[in-house]
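I have placed the structure first, in the form of structure tokens, so that the comments after it can refer back to it.
The values are calculated or read from the model by the stated rules, or taken from the named source; none is laboratory data. On a predicted model such as this, the values are computed, not experimentally measured, just so you know. For neighbour counting, all protein chains shown are included, and Cβ atoms are generated from backbone atoms with ideal geometry for every residue, glycine included. Accessible surface is based on the protein model in full, side chains and every heavy atom, while ligands, DNA and RNA are left aside. Shrake-Rupley method; radii C 1.70, N 1.55, O 1.52, S 1.80 Å.
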Amino acid sequence: MTTRTWTPPGPYDLGRTLGVLARGPGDPAFRTGPDGSVWRATRTPEGPGTLHVTDRGGRIHAEAWGPGADWLLETLPALLGAEDDPAAFTPRHRLVHEAHRRHPGLRLARTGLVLESLIPSVLEQKVTSDEAYRAWRLLLQQHGEPAPGPAPRMRVMPSARGWAMIPSWDWHKAGVDGKRSATIVRAARVAARLEEAAAMDDAQASGRLQAVPGIGPWTAAETLQRSNGSPDAVTVGDLHLPKIIGYALTGARGTDDEAMLGLLSPYEGQRHRACRLILLTGTRPPRRAPRFSVNDIRAL
């Protein structure tokens, strides 16, 4: 075990900053402790590693295990949002201003790991969250490896080669259709090139990711929000987000992507942060239809 301490420059919310990295409540690679600490199992450029992060009265204490421990501690400040600049954000709506005031400790995490965020984002394409979370969980349990350190039942995701070698029947057992599994395999085969996107600006990084067939603007934005800590990578092509943003800012229903981008235009450069703050308000249009049913292709 190795350790490091980092002191945020101001108010800090560990749970909300790192919570976006969890893929559902049963994510084998992410766990929140009863004391609010965060456990994270990941595959770094130096190998598997486990990170345990605790807020000790305004000082963030981190412990790490495994071959990737040194890398995890070296990049800890970036992960915790040290490279984020919340001062660059100016609220333009009353609701956003109130959310900004209520959540002064929100920072945008930056993992520096592209494939780790890309694969679960591909799994979330065109399916319910429950289906995507189940697939991620099953694939890590079967093809991942035990996380280093004292974190029982936590798993590190497969290597790029490991993802490319998953047989078709295991994708099927996890409920992943051929289109999504083929996209992940293609991405895994060019993983080294995709990882370079972590050091690019948004436009270059998005273009690099979308060069892989099956990866579009939605998946690229969802990836860059986490891997690059992008404050402006707004998610387009989402079923719910435009309706939520439109309803929260105007009270109107049925907002589409074009209208959402128009509403977010005053936040150019900070549109993702604006969306995060709006979502934290919990404002949602009233539901008029039942939830989508969960499909299970494993029975086919």
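Within this structure, residue 128 passes the test of being in contact with a Phe, Trp or Tyr (Cβ under 6 Å, 6 or more places away or on another chain), touching a residue at least 40 places away in the same chain (Cβ under 8 Å) and surrounded by fewer than 23 Cβ atoms within 10 Å (Cβ to Cβ). The residue pairs whose first member lies in the range 153-168 and is in contact (Cβ under 8 Å) with a residue 12 or more places away in the chain and more than 24 Å from residue 39 (Cβ to Cβ), whose second member is of a type in the set (Gly, Ala, Ser) and surrounded by 15 or more Cβ atoms within 10 Å (Cβ to Cβ), and whose beta carbons are closer than 8 Å, counting only pairs six or more residues apart or on different chains, are 161/188; 164/188; 166/181; 168/181. Can you tell me which residues in the range 199-234 are buried (at least 18 other Cβ atoms within 10 Å of the Cβ) and aliphatic (A, V, I, L, M)? Across the range 199-234, the qualifying residues are 205, 209, 212, 215, 220, 221, 224, 233, 234.
Residue-wise test of (1) more than 17 Å from residue 90 (Cα to Cα); (2) open to solvent by 10 Å² or more (accessible area, probe 1.4 Å); (3) among the aliphatic types (A, V, I, L, M).
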| residue | (1), (2), (3) |
| --- | --- |
| 238 | yes, yes, no |
| 250 | yes, yes, no |
| 260 | yes, no, yes |
| 263 | no, yes, yes |
| 267 | no, no, no |
| 275 | no, no, no |
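Of all residues in the range 17-70, those satisfying the criterion of being within 20 Å of residue 120 (Cβ to Cβ), in contact with a Gly (Cβ under 8 Å, 6 or more places away or on another chain) and in a strand (DSSP E or B) are 32, 38, 39, 41, 42, 43, 44, 48, 49, 50.
Once the range 160-179 is narrowed to residues that are among the aliphatic types (A, V, I, L, M) and part of a helix (DSSP H, G or I), the residue that is farthest from residue 44 (Cα to Cα) is 164. With respect to residue 43, is the statement that it is of a type outside the set (A, V, I, L, M, F, W, C), in contact (Cβ under 8 Å) with a residue 24 or more places away in the chain, closer than 30 Å to residue 143 by Cα and touching a helix residue (DSSP H, G or I) at 6+ places or on another chain (Cβ under 8 Å) true? The answer is yes for residue 43.
State all residues of the range 203-261 that are of a type in the set (Lys, Arg) and within 16 Å of residue 271 (Cα to Cα); if no residue qualifies, say none.
Step one: filter the range 203-261 for residues of a type in the set (Lys, Arg), giving 208, 226, 243, 253.
Selection gives 226, 243.
Report, by residue number, each residue of the range 139-173 that is on the phi > 0 side of the Ramachandran plot and surrounded by 15 or more Cβ atoms within 10 Å (Cβ to Cβ). First the steps, then the outcome.
If we filter the range 139-173 for residues that are on the phi > 0 side of the Ramachandran plot, which is where we start, we get 149, 153.
The answer is 149, and nothing else.
When 104, 86 are checked against the criterion of being in contact with a helix residue (DSSP H, G or I) (Cβ under 9 Å, 6 or more places away or on another chain), open to solvent by less than 40 Å² (accessible area, probe 1.4 Å) and within 30 Å of residue 250 (Cα to Cα), 86 stands alone in meeting it.
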